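Student: Here it is: the structure, laid out below.
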Amino acid sequence: MTRKISILGATGSIGTSTIDLVERNREQFEVTAVTAATNVEKLADIARRTGAKLAVVADERRLGDLQGLLSGTGCRAAAGENALVEAAVAEADLVIAAIVGCAGLKPVMAAVECGKTIALANKEALVTAGALMMDAAAAKGATLLPIDSEHNAIFQCLAGSRLNDVSRIILTASGGPFRSATAQYIEAATPAQAVAHPNWSMGAKISVDSATLMNKGLELIEAHYLFGLPSEQLDVVIHPQSVIHSMVEFVDGSVLAQLGSPDMRTPIAYALAWPGRIATPAKRLDFAAVGRLDFETPDLQRFPALGLARHALESGGAAPIVLNAANEIAVASFLDGQIRFTDVAAFVQEALNHARYGTPRSIGDVLEIDRVTREKTRGMMKASCS
Ligand code: NAD
Ligand code: MG
């Protein structure tokens with residue numbers, strides 16, 4: 001039987017890896033809907049290749065071009081926020097949530113409300129609305145399968161175990177391109193240096209997050225919601241080889257780890273085929289060639305973003321939304337050459353210091369806190385530049 005899938009964020013790094021796996025296993029998967037932010041050329045190419053029935057571009061100004069590119073294909077073109085939601089709830093056995101940032105929240109939440117099975121890469125959706133999303137998933141019978149390699153590793157290690165028997169989750173972090181750089185070097189780091197990840201090839205935003213270690217901070221919050229453990233039971237260790245993708249320690253002292261070469265197609269394949277498995281072209285581990293596995297404690301002085309995220313997790317309420325929104329704005333400004341690398345964490349810190357919001361009760365509340373934080377962060381940046 002073929003499994004119907006819709007791919008939100010089909011043109012990105014995760015989207016491209018997903019389509020690669022689908023094309024290698026054509027008899028097992030049928031793509032029903034695909035979406036992108038603005039790149040209609042790439043989106044139309046994907047829609048043609050996969051035979052999708054619906055292609056959605058977020059930017060409404062690009063609808064005419066998309067319609068032109070898809071004419072005669074039998075694939076319907078649509079645009080805008082509501083159409084993204086339509087793609088998320090379209091007929092599919094599995095929704096791949098691979099939009100970057102809080103922009104993916106509404107479609108992911110719509111899929112959750114429909115009780116879908118969702119392969120989640122879009123960690124920002126869970127960071128900003130984790131409690132609401134997990135409650136809705138429980139109420140509607142939705143299943144969340146983590147694609148993020150760490151959470152996918154933990155999910156694999158937990159298979160067949162009781163969560164009560166877990167004493168600790170240990171997220172591994174590569175340490176990013178500046179793991180052994182001096183504070184002075186990091187302060188002057190350019191966007192090109194920041195996106196040059198030593199082990200993984202990813203979209204620009206998550207690459208910068210990996211360099212600041214904000215990515216690991218977002219992943220702590222993601223793990224908290226996915227696995228229901230408090231901050232004290234969530235640890236981070238730097239592991240530069242990115243061979244161990246994360247670990248679970250049980251009450252008896254046993255530690256289970258999931259290992260593999262750093263290739264996102266392995267965790268994506270696990271989500272695509274779950275509870276089964278499919279073959280991937282990921283390079284097999286050659287343990288003698290790897291030689292050794294190293295571990296270090298993260299340095300919160302040089303990488304304050306990790307501490308800020310931990311603090312936001314422990315504060316709860318609106319803090320993770322503020323952390324994420326300020327980070328999205330700051331990372332975009334850094335990539336644009338407007339602010340320094342170290343300003344990213346500084347602006348996030350400032351946004352958290354000034355935030356006074358109650359706990360969000362709805363997705364509308366989350367989106368409003370997100371919007372206001374973005375506005376305020378832009379204002380702080382303007383003020384500091386003038
Ligand atoms: P990317 O930038 O390569 O792709 C992002 C996708 O989202 C694109 O298809 C883009 O068109 C779409 N998009 C961007 N802004 C949008 C908007 N405003 N509205 C609608 N669509 C929009 O990013 P990526 O590296 O593929 O990451 C996607 C998500 O997966 C992120 O949340 C990231 O943290 C997570 N993730 C990625 C990796 C990786 O290896 N790339 C690993 C783990 C987790
Ligand atoms: Mg990850």
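The values are calculated or read from the model by the stated rules, or taken from the named source; none is laboratory data. In this text, all values refer to a predicted model and were calculated from it rather than measured experimentally. Don't worry about glycine lacking a Cβ; one is built from the backbone with ideal geometry, like all the others, and counts go over all protein chains shown. Ligands, DNA and RNA are stripped out before the accessible areas are found, and what is left, the full protein with its side chains, is counted by its heavy atoms. Shrake-Rupley method; radii C 1.70, N 1.55, O 1.52, S 1.80 Å.
Student: Measure of size requested: the Rg and Dmax of the chain, with Cα atoms as the atom set and Å as the unit; please supply both.
Tutor: Taking only Cα atoms of the chain, I get Rg and Dmax of 20.2, 61 Å.
Student: Pairwise over distinct Cα atoms, reciprocal of the mean inverse distance: report the Kirkwood radius of region 13-105 in Å, one decimal place.
Tutor: With all distinct Cα pairs of region 13-105 included, I get 13.2 Å.
Student: Would you mind computing, in nm to one decimal, how far apart the modelled labels at SER261 and ASP45 are, each placed 7 Å from Cα along Cα→Cβ?
Tutor: Each label point is offset 7 Å from its Cα along the Cβ direction, giving 2.4 nm.
Student: Quick one: how many Å² of TYR185 are accessible to a 1.4 Å probe, rounded to 10?
Tutor: 110 Å²
Student: Moving on. Share of region 231-369's accessible area from carbon and sulfur, percent, 1.4 Å? Write down the numbers at each step before the final one.
Tutor: Numbers: 3380 of 6560 Å².
Within region 231-369, the accessible surface is 52 percent carbon and sulfur.
Student: So how much slack lies between CYS114 and GLN184, counting 0.36 nm per residue of separation and subtracting their Cα-Cα distance, in nm?
Tutor: Length gained between CYS114 and GLN184: 20.2 nm.
Student: How much length, in nm to one decimal, is gained on full extension between MET1 and VAL89, taken as 0.36 nm per residue of separation minus their Cα-Cα distance?
Tutor: Residue separation times 0.36 nm, minus the Cα-Cα distance, leaves 29.6 nm.
Student: Counting each DSSP H run of 4 or more residues in the chain as -39500 (n - 2.57), what helix-only mean residue ellipticity at 222 nm follows after dividing by all residues, to the nearest 500 deg cm²/dmol?
Tutor: Only helices count here, giving -15000 deg cm²/dmol.
Student: Ignoring ligands and nucleic acids, what accessible area does MET202 show with a 1.4 Å probe (Å², nearest 10)?
Tutor: Taking all protein chains as shown, MET202 has close to 50 Å².
Student: Continuing with the same structure: For region 243-348, report the accessible area per residue in Å² (1.4 Å probe, heavy atoms, rounded to an integer). Kindly include the intermediate steps, with their values, before the conclusion.
Tutor: Details: 4820 Å² over 106 residues.
Using a 1.4 Å probe on heavy atoms only, each residue of region 243-348 averages 46 Å².
Student: Another question, then. Which value results when the Cα radius of gyration for region 143-246 is divided by 2.2 N^0.38 Å?
Tutor: Output field value: 1.15.
Student: At 7 Å along Cα-to-Cβ for each site, give me the label-to-label distance between ASP299 and ARG61 in nm.
Tutor: In this crude label model, ASP299 to ARG61 measures out at 4.4 nm.
Student: What is the local net charge at GLU30, summed over the other residues whose Cβ is closer than 15 Å to its Cβ (Lys, Arg +1; Asp, Glu -1)?
Tutor: +3
Student: For the chain, which longest stretch is free of loop sites, where a loop site is one of the GluC sites (Glu not before Pro) that DSSP puts outside H, G, I, E and B and that has at most 13 other Cβ atoms within 10 Å?
Tutor: Looking at the chain, 92-386 is the longest stretch - no exposed GluC sites (Glu not before Pro) with at most 13 other Cβ atoms within 10 Å.
Student: Given the whole protein assembly as supplied and a 1.4 Å probe, what does the accessible area of LEU126 come to in Å², nearest 10?
Tutor: 0 Å²
Student: Under a 1.4 Å probe, what is the accessible area of region 1-127 per residue, stated in Å²? Walk me through the intermediate numbers first.
Tutor: Values: 4890 Å² over 127 residues.
Value returned for region 1-127: 39 Å² of accessible area per residue.
Student: How many nm separate the modelled label positions at ASP235 and TRP200, each set 7 Å beyond the Cα in the direction of the Cβ?
Tutor: 2.1 nm
Student: For region 277-386, how big is the tail of P(r) above 18 Å, as a whole percent of Cα pairs?
Tutor: Cα-Cα pairs of region 277-386 separated by over 18 Å account for 59 percent.
Student: Counting only other residues whose beta carbon sits under 12 Å from that of ALA346, what net charge do I get with K and R as +1, D and E as -1?
Tutor: Neighbourhood net charge equals -2.
Student: Normalise the Cα radius of gyration of region 33-166 by 2.2 N^0.38 Å (N = residues in it) and let me know the number.
Tutor: Against the compact-globule rule of thumb, the ratio is 1.15.
Student: Turning to a different aspect of this structure: Within the chain, which DSSP H helices have Cα atoms that stretch 18 Å or more along the helix axis and a mean Kyte-Doolittle hydropathy of at least 0.0?
Tutor: Helix filter hits for the chain: 123-140, 214-227, 319-335, 341-354.
Student: Between ALA138 and ASP252, 0.36 nm times their residue separation minus their Cα-Cα distance comes to what?
Tutor: Going from the current span to full extension adds 38.1 nm.
Student: What pairs in LYS123/LYS376; LYS53/LYS283; LYS106/LYS205 have C-alpha atoms more than 26 Å from each other?
Tutor: LYS53/LYS283
Student: Could you give the longest part of the chain that holds none of the trypsin sites (Lys or Arg not before Pro) found in DSSP loops with at most 16 neighbouring Cβ atoms within 10 Å?
Tutor: 27-161
Student: What fraction, in whole percent, of alpha-carbon pairs in region 217-287 exceed 21 Å separation?
Tutor: When every Cα pair of region 217-287 is considered, 38 percent fall beyond 21 Å.
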